[in-house]
Structures are given as C-alpha cells and as structure tokens.
Number of protein chains: 2
Amino acid sequence: MASTIFNECSIYTTNARILPLTKFQLRQSVHFYLNPKRPCRNPRQTAFLTTTTVAMTSDTSAKVIDGKLVSKQIRDEITSEISKMKEAIGLVPGLAVVLVGDRKDSATYVRNKKKACEAVGITSYESHLPEDCTEEEVLKCISDYNKDPSVHGILVQLPLPHHMNEEKILNAVKIDKDVDGFHPLNIGRLAMRGREPLFVPCTPKGCIELLHRYSISIKGKRAVVIGRSNIVGMPAALLLQREDATVSIIHSRTENPGEITKEADIIIAAVGQPNMVRGSWIKPGAVIIDVGINAVDDPKSPRGYRLVGDVCYEEACKIASAITPVPGGVGPMTIAMLLSNTLTSAKRSWQN
Amino acid sequence: MASTIFNECSIYTTNARILPLTKFQLRQSVHFYLNPKRPCRNPRQTAFLTTTTVAMTSDTSAKVIDGKLVSKQIRDEITSEISKMKEAIGLVPGLAVVLVGDRKDSATYVRNKKKACEAVGITSYESHLPEDCTEEEVLKCISDYNKDPSVHGILVQLPLPHHMNEEKILNAVKIDKDVDGFHPLNIGRLAMRGREPLFVPCTPKGCIELLHRYSISIKGKRAVVIGRSNIVGMPAALLLQREDATVSIIHSRTENPGEITKEADIIIAAVGQPNMVRGSWIKPGAVIIDVGINAVDDPKSPRGYRLVGDVCYEEACKIASAITPVPGGVGPMTIAMLLSNTLTSAKRSWQN
C-alpha cells in the first residue's frame with residue numbers, strides 16, 4: 001500500500017558516483033563504477049551494469065553507499081566465522097522467531113530472516129501462534145526459548161495483535177538473548193558512558209557500520225538524526241554520540257528542521273516521510289544515510305508503486321558527498337546486523 | 001580545593017533582575033525584587049536585602065531563577081504531603097545512605113541529605129563502612145536495605161574506594177529503590193518513547209523542574225546541553241527531548257561549541273569548567289541553567305576561593321532572559337528532587 005504523504009521530487013538523475021567496495025579489502029581499496037550515459041533511478045543497480053574504474057562525469061554528484069554489497073560482505077564474514085566455530089567447538093548459533101497472527105508482511109519478514117539465517121549457517125526456530133492466542137501463550141513460548149541453550153537470539157515479530165501488551169512481551173525476552181537490542185536495559189547501557197550494551201539495535205547499528213566500512217569519519221562531526229523512534233532514531237543518535245559526534249535530534253515538533261540539517265556533516269533520516277529531506281536542507285559535502293523505505297504511488301511501475309526514502313535522492317545526490325540509495329542502502333544492513341548479533345550471542349554463551 | 005582551569009570574567013555586575021516566587025502560587029504570581037545600587041556577586045542573596053516590587057534598572061538584564069526559593073517551596077510541599085500520608089495511613093518514607101570510607105566531602109553530603117530528610121519527615125538510615133571493607137560487605141548492606149520494607153530509597157554515596165566495582169555495586173540497588181535514577185534500566189526507560197522511568201536522576205530533574213516552575217516553555221524550543229555525563233548531561237538531554245525540545249549535546253570533542261549554543265533557546269551547562277560559556281556563546285533572550293559548581297581561587301575571599309558556574313554569569317545575565325545563579329540555582333534543587341523521588345517511592349510501595 002502506498003503512503004499518502006509524498007513530496008514529489010524529480011525522479012531521474014544522472015551522474016551518481018557509485019562507490020561499491022571490493023570484497024576482501026573493503027576499507028582499504030575502493031573502485032568506482034559508473035554508467036555515465038544511463039539515467040539512474042537506482043544507482044546501485046546501475047553500478048553493476050558497467051565496471052569502468054574511477055569514471056565520473058561530475059564532481060558534484062554523491063558517492064553511493066552500497067548497503068547491499070556491504071551486507072553481502074558481512075554475511076560472507078559471518079558464514080566463514082560460523083563455519084570455523086562449528087568445526088572447532090561444535091557450536092551452531094540459533095535464532096528463534098515468534099510470530100503471532102497472519103499478517104502477510106510479517107510472514108514475509110520472518111521468511112526472509114529464516115532464509116538469511118540458513119544462508120550463513122544459523123539454525124532458525126519458529127513459533128507461529130494464532131492471532132487469537134493469549135498473552136500467556138506467547139510468554140510461555142518466549143520462556144521456553146529463554147531456557148533453550150541452542151537458542152542464542154529471540155525475536156518477537158512486531159506488530160503484535162492489539163489485545164497484547166507489547167512492552168510486557170518484549171521485556172520477557174531474556175536480556176542476553178535480546179538480539180534486537182530493544183530491551184530498556186540495553187538502551188540504558190547504550191546511553192551511558194562506561195557501560196556496554198549486550199546488543200545494539202540492528203538498523204542503527206547498520207547505519208553506523210556503513211559509515212565505518214566507507215571510512216567516513218564520525219568523531220567531532222556534526223550529526224543530525226531525523227526521527228526519534230525507539231528502534232532507529234534514538235539509538236542511532238546514541239551510537240553517533242558514543243563515537244564522539246555532536247548530535248542533534250529533530251522531530252515532528254522541530255521548527256525549521258532544514259536549518260538544522262543544513263549544518264550537519266552526517267544526516268541519518270528515519271522518519272517515514274517520503275522525500276522529506278530536500279536538497280536545500282543539505283550542506284554541500286554532507287553524508288546521507290536514508291533509513292526510510294516508503295511506498296509511493298507510481299502508475300508507471302508494474303506494481304503500481306515504487307519505493308523511496310525519506311530523502312529526495314535526486315536532489316540530495318547533487319549536494320551530498322555520499323548517500324545510501326533506497327532500496328539497497330540501509331535495508332539490507334538490518335538483517336546482516338541481526339545475524340551478527342546472533343553470532344555474538346552464541347560466542348558469548350560459549351565464553352560464559 | 002580550587003579548580004585549576006578557570007576563565008576569568010568580570011566579577012561584579014549590577015542590574016540582575018531577580019525573580020523569586022511567592023510561596024503558595026509559584027506559577028501564577030510573581031514579584032520582582034531588586035537592589036539596583038548594590039554590586040551583585042550573588043544576586044539571589046542580594047534579592048532579599050530589599051523587596052521593591054517590580055523594580056528594574058535595565059531591560060537587558062536576565063531574570064534570576066531562584067533555585068533556593070523553589071527548592072524551599074518543594075520541600076514545604078513534600079513536608080505537607082508526608083504529614084498527611086503519615087496521618088492517613090501511617091506510612092513514613094525512608095531513605096538509606098551507604099557511605100564507604102572517610103572522605104570529608106562525602107561525609108558532608110551525607111550529613112546534608114540526612115538533615116534534609118529529617119526536615120521533611122523522611123526517616124533516614126545510614127551505613128558507614130570502613131574504607132578497607134570488602135565489596136561483599138557493601139553488597140550485603142545494600143541487599144539488607146533492598147529487603148527492608150521501611151526503606152524506600154537507597155543511595156550509595158560516590159565515589160567508592162578504588163578497589164570496588166562501582167557499576168556492580170550501583171546495579172545491586174533494587175530498581176524500585178533506585179531513587180538516584182542511575183540504574184541503566186531507568187535510563188533506558190527515560191530514553192524510550194512510551195516507557196516511564198521509575199525515577200529520574202535528581203540534578204537533571206531539578207533543572208527541568210526549574211523551567212516548569214518559572215513557566216519557561218520547552219516544547220519546540222532548541223535546547224543545547226553542554227556535557228554528556230551519565231548523571232547530568234545525558235539524562236538532561238533525554239528529559240528535554242521527552243518535552244519535545246530539539247536537543248543538541250555538545251562535549252569536549254565538539255568543534256566551535258559557541259556556534260551551537262548561540263542557536264539555543266535553552267542552555268543547560270553541566271561540564272565542570274568555570275566560566276566556559278561566555279556572553280558571545282548566548283543567543284539574546286536564551287534561558288540558562290548552570291549546573292556547574294566550580295571552586296576558583298580568590299584571595300579576596302575569607303575562604304581563599306569562591307564558587308562559580310560553567311557560565312560566565314556576569315556576561316550571561318546581560319544577554320539571557322533568565323539564568324540560574326551559582327550557588328543558589330540548580331544546587332538546592334538536587335536534594336529537593338531526591339526527597340521527591342523518595343516520597344514517590346514510598347507512595348508506590350503502598351499502591352503495589
């Protein structure tokens with residue numbers, strides 16, 4: 001279903017400077033790929049059509065931060081580590097997903113998570129409970145996974161049916177299996193200096209990982225996070241602050257948000273408003289991480305809609321120095337970070 | 001001992017517009033007090049020397065936010081509430097303080113807390129353990145207070161001796177007796193939307209309470225917090241955000257901090273650097289909450305030092321619309337909030 005709120009901005013652009021990474025030396029060696037002649041609605045896809053090294057037609061266009069490629073590399077790293085761990089000590093990480101009800105989108109997410117687990121060697125467990133089950137049945141299911149030593153991570157697929165207390169159910173997940181990192185104790189540790197969270201929420205962790213893998217400096221930089229949700233905006237701001245950025249959070253009550261974003265070296269947009277961040281909001285040379293994935297009506301698309309971010313990509317890529325596309329930016333990183341958290345949990349269970 | 005880092009700024013100023021509050025209708029009724037002829041090193045003290053209503057000599061001087069007066073009002077409110085509660089249900093709030101070692105400053109703080117408790121009708125308990133006691137002895141003491149139903153709040157006086165794990169000891173305080181609000185679970189809830197902390201840390205809570213009691217609007221305002229400590233800066237930022245301010249946190253790694261503070265409608269300074277925030281850092285009309293209490297050498301003072309804040313008061317009061325003095329601003333609020341948290345805890349114990 002397409003979003004009803006949508007700021008149209010020009011769809012087609014050229015000159016996106018694509019910057020994927022080599023498979024083995026992501027931080028050290030960078031090649032540039034570009035098809036300068038082809039209009040580029042999703043520059044990441046275009047990137048692999050031609051592989052001309054360091055070809056650029058414009059100095060004013062942004063590097064594309066390729067989340068799909070980075071995610072692939074991380075999943076390869078995880079696969080290799082799990083394989084070695086299995087061989088050395090016989091330990092196989094396990095991730096359990098609790099799904100309640102029959103929402104098609106939730107079923108798709110759970111299926112994708114299971115597939116991603118299998119691909120890297122994580123054993124996946126699933127409990128599918130009916131829409132009209134009781135809160136106690138869900139709590140019992142979580143309690144069983146809490147006790148099961150072969151399960152190192154537990155996910156409760158959201159949203160839950162309305163008759164359930166989401167906070168109570170999420171809090172039932174044992175803190176050392178909370179691979180989503182949503183437990184308030186984890187968030188508290190994330191907020192506090194000198195404390196370490198057991199797990200960092202996957203999407204904001206993915207945002208920071210993209211900055212790291214592209215060697216984008218955070219320390220001392222001015223960063224603006226748009227949105228203050230518990231699962232993205234707020235933990236993203238806390239992570240940026242842990243890395244010594246000077247962080248501002250803007251939200252629906254902020255007056256003149258564009259004046260604040262215009263001062264930022266790094267913008268993380270996580271607000272769920274298609275194309276909200278316009279070119280005029282961006283400081284030349286800023287780095288843009290776009291977490292939004294918004295479906296907007298598009299009669300030209302066979303599906304009748306297309307996906308856009310919170311940032312008007314076509315305007316932003318002419319001003320920013322680097323930007324994540326939508327799709328193919330932050331999206332693929334979330335699941336990679338979930339796998340990474342599950343592996344971390346399995347290792348920790350062995351050490352303890 | 002005086003701090004060695006100190007930016008001198010002119011000591012004497014006039015024209016501070018003093019704004020204390022009436023005892024019973026703090027929010028509604030405001031009187032102005034001023035001695036326009038007397039140089040004003042501590043404007044709050046000066047305020048009570050004369051009581052001319054609405055006397056101002058300059059439009060450019062700031063209102064003084066009188067923490068001592070507000071704190072007194074809050075302590076009166078608490079006294080009245082405790083008295084009624086005792087009469088109605090026989091419940092008396094209890095606060096236990098755990099002091100380890102023989103630091104004179106810690107002993108003074110503990111003594112002041114005990115006196116403040118007694119004054120409002122809170123029973124105070126104290127365990128004074130020797131410097132060379134074991135971590136287990138401290139944990140045992142906390143455990144006993146955790147179990148004691150007459151104790152509703154437990155404070156561990158910091159700093160602890162070096163051979164002790166502060167995190168482990170603080171985490172031993174039962175979450176529903178953590179009246180300091182320092183437990184990561186409390187901080188996590190403070191950070192998350194839709195969650196409620198059991199207790200809010202006392203000093204930042206006192207800062208926000210001052211804004212409320214002076215009817216200073218927070219929603220939609222730009223706020224800058226200077227400092228990101230676990231006990232003041234970070235929770236102050238989270239509190240401002242919960243009240244819909246647009247918050248930026250600046251710290252030692254921030255480049256050009258004055259450019260950021262200059263955009264703020266509200267500044268909370270909690271960095272421990274005497275007179276760091278100069279007049280040129282402040283937007284005209286901003287509200288300044290100065291948490292810093294720094295001792296600086298002063299041969300003219302009988303004690304050889306004097307106390308100054310993180311904000312150069314003499315410059316700031318000419319530019320800000322309202323400002324807390326040091327001492328007599330945020331300082332007295334901290335203990336008032338501790339008493340308030342203890343009362344809240346006692347009430348909660350009765351309800352549960």
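The values are calculated or read from the model by the stated rules, or taken from the named source; none is laboratory data. These figures come from a predicted structure and were not determined experimentally. FYI the Cβ positions are ideal-geometry reconstructions off the backbone, even for glycines, and counts take in every protein chain you see.
Taken together, the criteria place B:ILE268 among residues that are under 17 Å from the mean Cα position of the chain (by Cα), not in a loop (DSSP other than H, G, I, E, B) and not polar (S, T, N, Q).
Go through (1) within 21 Å of A:ARG189 (Cβ to Cβ); (2) surrounded by 20 or more Cβ atoms within 10 Å (Cβ to Cβ) for B:ILE169 and report which single condition fails. All conditions are met except number (2). The conditions of being without any contact (Cβ under 8 Å) to a residue 40 or more places away in the chain, acidic (Asp, Glu) and in contact with a Leu (Cβ under 7 Å, 6 or more places away or on another chain) are met by B:GLU166.
Counting the residues of the stretch A:252-276 that are at the interface with chain B (Cβ under 9 Å from one of its Cβ atoms) and under 28 Å from A:ARG306 (Cα atoms) gives 2.
Could you check the stretch A:105-123 and list, in sequence order, the residues that are surrounded by fewer than 20 Cβ atoms within 10 Å (Cβ to Cβ) and of a type outside the set (A, V, I, L, M)? Once the filter is applied, which keeps residues that are surrounded by fewer than 20 Cβ atoms within 10 Å (Cβ to Cβ) and of a type outside the set (A, V, I, L, M), the stretch A:105-123 yields A:ASP105, A:SER106, A:THR108, A:TYR109, A:ARG111, A:ASN112, A:LYS114, A:LYS115, A:GLU118, A:GLY121, A:THR123. Number of residues in the stretch A:145-166 that are surrounded by 14 or more Cβ atoms within 10 Å (Cβ to Cβ) and outside any loop (DSSP other than H, G, I, E, B): the value is 7. Of note, B:LYS113 satisfies the criterion of being out of contact with any Cys (no Cβ under 9 Å at 6 or more places or on another chain), closer than 15 Å to B:ASN341 by Cα and among the basic types (Lys, Arg). Restricting the stretch B:167-180 to residues that are under 18 Å from B:MET337 (Cβ atoms) and in a loop (DSSP other than H, G, I, E, B) leaves a set whose member that is nearest to the other protein chains (Cβ to nearest Cβ) is B:ASP178. Pairs meeting the criteria (first residue in the stretch B:84-104 and surrounded by fewer than 16 Cβ atoms within 10 Å (Cβ to Cβ), second residue assigned to a loop (DSSP other than H, G, I, E, B) and among the small types (Gly, Ala, Ser), beta carbons under 8 Å, at least 6 apart or on different chains) are B:LYS86/B:GLY121; B:VAL92/B:GLY121; B:VAL92/B:SER150. The number of residues in the stretch B:181-199 being more than 10 Å from chain A (Cβ to nearest Cβ), crowded, with 23+ Cβ neighbours inside 10 Å and on the phi < 0 side of the Ramachandran plot comes to 1. The number of residues in the stretch A:238-251 being within 9 Å of chain B (Cβ to nearest Cβ) and either hydrophobic (A, V, I, L, M, F, W, C) or touching a residue at least 60 places away in the same chain (Cβ under 8 Å) (or both) comes to 5. Kindly indicate whether A:LEU160 is among the hydrophobic types (A, V, I, L, M, F, W, C) and more than 9 Å from chain B (Cβ to nearest Cβ). The answer is yes for A:LEU160. The strands (runs of 3 or more DSSP E) located wholly in the stretch B:275-330 that include 1 or more residues which are free of Cβ contacts under 8 Å to residues at least 60 places away in the same chain, crowded, with 23+ Cβ neighbours inside 10 Å and within 20 Å of the chain's Cα centre (by Cα) occupy B:287-290.
Residue by residue, here is whether (1) among the small types (Gly, Ala, Ser); (2) over 22 Å from B:ILE175 (Cα atoms) holds:
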{"residue": "A:TYR145", "(1), (2)": "no, yes"}
{"residue": "A:GLN157", "(1), (2)": "no, yes"}
{"residue": "A:HIS162", "(1), (2)": "no, yes"}
{"residue": "A:ASN171", "(1), (2)": "no, no"}
{"residue": "A:LYS177", "(1), (2)": "no, no"}
{"residue": "A:GLY188", "(1), (2)": "yes, no"}
{"residue": "A:THR203", "(1), (2)": "no, yes"}
{"residue": "A:ILE208", "(1), (2)": "no, yes"}
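Can we say B:LYS219 is part of a loop (DSSP other than H, G, I, E, B) and of a type in the set (D, E, K, R)? Yes; evaluated as a whole, the condition is true for this residue. When both residues are 6+ apart or on different chains and their Cβ atoms are under 6 Å apart, which pairs have a first residue that lies in the stretch A:208-228 and is within 14 Å of chain B (Cβ to nearest Cβ), and a second that is of a type in the set (Ser, Thr, Tyr) and crowded, with 24+ Cβ neighbours inside 10 Å? From residues that are within 14 Å of chain B (Cβ to nearest Cβ), the pairs are A:ARG222/A:THR246; A:VAL224/A:SER248; A:VAL224/A:THR261. Among the residues of the stretch B:53-69, are any of a type in the set (Asp, Glu) and modelled with pLDDT under 90? Yes, the stretch B:53-69 contains at least one residue that is of a type in the set (Asp, Glu) and modelled with pLDDT under 90. Against the numbered list (1) surrounded by fewer than 24 Cβ atoms within 10 Å (Cβ to Cβ); (2) in contact with a Phe, Trp or Tyr (Cβ under 8 Å, 6 or more places away or on another chain), B:THR261 comes up short only at (1).
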